[in-house]
1. Somewhere in segment 108-120, is a residue polar (S, T, N, Q) and over 18 Å from the mean Cα position of the chain (by Cα)?
2. Being open to solvent by 50 Å² or more (accessible area, probe 1.4 Å), hydroxyl-bearing (Ser, Thr, Tyr), within 19 Å of Ala298 (Cβ to Cβ) and at pLDDT 95 or above is the requirement here; does Ser378 meet it?
3. Among the listed residues Ile92, Ile101, Ile25, which satisfies the condition of being of a type outside the set (Phe, Trp, Tyr), in contact with a Phe, Trp or Tyr (Cβ under 8 Å, 6 or more places away or on another chain) and either open to solvent by less than 60 Å² (accessible area, probe 1.4 Å) or not in a helix (DSSP H, G or I) (or both)?
4. Please enumerate the residues belonging to segment 319-362 that are over 24 Å from Met154 (Cα atoms) and either touching a strand residue (DSSP E or B) at 6+ places or on another chain (Cβ under 9 Å) or among the aromatic types (Phe, Trp, Tyr) (or both).
5. Among the residues of segment 244-300, what is the count of those that are under 23 Å from Ala377 (Cα atoms) and either of a type in the set (Ser, Thr, Tyr) or open to solvent by 40 Å² or more (accessible area, probe 1.4 Å) (or both)?
6. In segment 190-232, what count of residues is obtained for those that are in a helix (DSSP H, G or I), of a type in the set (Ser, Thr, Tyr) and surrounded by 21 or more Cβ atoms within 10 Å (Cβ to Cβ)?
7. Just one of Phe83, Phe69, Phe75 is outside any loop (DSSP other than H, G, I, E, B), open to solvent by 20 Å² or more (accessible area, probe 1.4 Å) and at pLDDT below 95; which is it?
8. Of all residues in segment 279-290, which are under 24 Å from the mean Cα position of the chain (by Cα) and in contact (Cβ under 8 Å) with a residue 24 or more places away in the chain?
Amino acid sequence: MESETSWIEKNQSWLMPFAYFFSRIVLFLALIPNNYYGFGDLPVYYEWTALPGWPYLDYWVEYPPLFPFISEILFLLSSGQVFLYDFLICIILALAGSGTIYFYQKIAYHLYENSVAHWRSVIFFSILLILPYTWWYAELLTVFWMLASIWWIMSNRQIMAGLGIAAGILSKWFPLFLLPALFRQYPFKQFLKVAFTTITIVTVVFVTLFIISPDMTLASLKAQPGRSSWQTLWALLDGNLTTGAFLFTEDRLYPEIAGVARGNPPLIPPSLTFLFFGAVGIWLLVKRNRFNNLSLLAFTGITWSLFLLWSPGWSPQWILYLLPLILLSLPIQTAYLLSLLLVGLTIVEWPFMLTRHIFASLWIIVPLRLILLICIASLWIPQIISQKSKSFS
């Protein structure tokens, strides 16, 4: 019995990451060729990767450059064979998921006593294992960099944190939300070291791409901000009962098409609502008077929540960014309930309702999601402004 306990303690950091990786390979082999795609974007990735040339150079994409370039390299390694390309993507995402679980555990065991950290990790692992967004989309690549960066921040490794946040931003922008959470968290010199590393790397990459191919780089940067609203309160007000899919692969060859809205124009300009939510964020930043690891996670979550309340669009896979923050920072019983509610509501939205074109369901789902996001944010606020230190175990 002692030898088993010793073995578990020695190897616990990789047991769940390996189990996750193994489960993803088994899932791929079991469901290919018919059902692995589900209702995700893997076929879309292949379609635009199969276009002639390279992303940002010969065609535009709505993502920052890291994943599109990885996708292009995998396409070349597979010689354009769909099965091999899919399998290589599966391996990359499985590794990203394993790394996500690894860093989640590192953070959990840093914050809590072993038994609490273990069960928080088990809950996260269980949700990640069954959630189809982890293999339908490339989101885990960004989540991995986000959690790795958080761990490096907690370990006082500012340069590594800056590199991680930069890699995350180059995957999908959202790890940028760590920078406001870092401001005032540490002495300004340490914050500046992280921010300077991040901004320098991201700037060098985009300036280089712009010099080589200004038209396609600008088109890629315009693609997301120029979209019509979808699956949010703002979309309901605008009369856009639709998903956020980019429909025509061939459009990516023409930079003048990028950023052209295909739905109704906004009833309330996003720039106007940004002023309100930005002001709320700045007020909370000024009011913040707790600067520990829990407050770092909480403020990152609040920034995420404000973004989602402001954003003209919503994609279901974005819950992958919220779930680790919820499960790492809130009381475990509350985090468990909120995570299940968030997953359940999102799965009902996509794929259950919207793949069947029941868009009227958004009139119920969107308000429920808004209420849930506001409740989650309200639970985080005391962790950044409360005078008394509090530990959840």
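The values are calculated or read from the model by the stated rules, or taken from the named source; none is laboratory data. If you're wondering where the values come from, they're calculated on a predicted model, not measured in any experiment. When we count neighbours, we look across all protein chains shown, and the Cβ atoms used for this are built from the backbone with ideal geometry, even at glycine. These accessible areas exclude ligands, DNA and RNA; they are computed on the full protein's heavy atoms, side chains included. Shrake-Rupley method; radii C 1.70, N 1.55, O 1.52, S 1.80 Å.
1. yes
2. Yes, satisfied.
3. Ile101
4. Trp350, Phe352, Phe359
5. 18
6. Number satisfying all stated conditions: 3.
7. When all the criteria are applied, what remains is Phe83.
8. Listed by number, the residues that qualify are Val280, Gly281, Leu284, Leu285.
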